[in-house]
Structure formats: structure tokens, C-alpha cells
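*Asks:* Encoded as C-alpha cells, here's the structure I'll be asking about.
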Amino acid sequence: MDFSKHYRNLHRLLWISAKELEDSIDKKTLGEALGYLEDNEYGLACECLLAEVKRRALTTPLSLAKAAKKMDIPS
């Protein structure tokens, strides 16, 4: 398995998710998720975004669902 490709793909999916959600979620939460993403903490970034999506009863972006699936995180 090409891990660098895997992590680049996760990073891209989570970045897209954050951009799709930026007008719908709390700015503090968005900043926290982006901070995790910047630190390559993909699981934490994903969980942070998913928690906010659930808290606000939003539709989970496809990119976020794909990232969660790749990390075996229930979405």
C-alpha cells in the first residue's frame, strides 16, 4: 500500500469537507478541525467535523463520509 497516497487522499477529502462546511458550522470548531488537519491528525479532524455535523443535524458531505470510511470511523 502506498501510504503517502493514502494520507494525501485523506488530507484532500478532509480539506474539501471543511471548505464545504465552513459556512454551516461553528468557526471555532472549524479552526480546531483545520488545526488537526494541519498537524496530520486525520482521525481527530474527521471526528471533529462529524461531531459538528451531527450536533447541527446537517447532511454529511460525501467527502467527509469517504474520509471516515477510509479510517473506519462511523459516520
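*Asks:* Would you mind checking the tilt of helix 27-38 against the longest principal axis of the Cα atoms of the chain, expressed as 0 to 90 degrees and rounded to 10?
*Replies:* 10 degrees
*Asks:* How long is the gain from residue 5 to residue 44 if the chain were fully straight, where each residue apart is worth 0.36 nm and the alpha carbon distance is subtracted?
*Replies:* 12.1 nm
*Asks:* In whole Hz, what ³J(HN,Hα) sequence does the stretch 66-71 give by Karplus (6.51, -1.76, 1.60; θ = phi - 60°), x for Gly and Pro?
*Replies:* In residue order, the calculated couplings are 5, 4, 4, 4, 5, 9 Hz.
*Asks:* Quick one: angle between helix 3-21 and the longest Cα principal axis of the chain, in degrees between 0 and 90, rounded to 10, please.
*Replies:* Around 10 degrees separate the two axes.
*Asks:* How large is log10 I(q)/I(0) at q = 0.18, 0.23, 0.28 Å⁻¹ when the Debye formula is applied to the Cα atoms of the stretch 3-70, each weighted equally and without solvent?
*Replies:* Log-scaled intensity ratios, in q order: -0.55, -0.90, -1.35.
*Asks:* Taking the simple approach of a point 7 Å from Cα along Cα-to-Cβ for both residue 28 and residue 59, what is their distance in nm?
*Replies:* 2.9 nm
*Asks:* How far is helix 42-55 tilted, in degrees, relative to the longest principal axis of the Cα atoms in the chain, given as a value from 0 to 90 rounded to the nearest 10?
*Replies:* Result, in degrees: 30.
*Asks:* Using a simple charge model, +1 on the beta-carbon of Lys and Arg, -1 on the beta-carbon of Asp and Glu, nothing else, what dipole does the chain show about its Cα centre, in debye to the nearest 20?
*Replies:* The calculated dipole for the chain is roughly 260 debye.
*Asks:* Using alpha-carbon pairs under 8 Å, 6+ residues apart, how would you state the relative contact order of the chain in percent?
*Replies:* Averaging sequence separation for qualifying contacts and normalising by length gives 34 percent for the chain.
FYI, it's all coordinate maths here, none of it is from the lab. What you are looking at is a predicted structure, and each value in this text was computed from that prediction instead of being measured. Cβ: placed from backbone, ideal geometry, glycine included. Neighbour counts: every protein chain shown.
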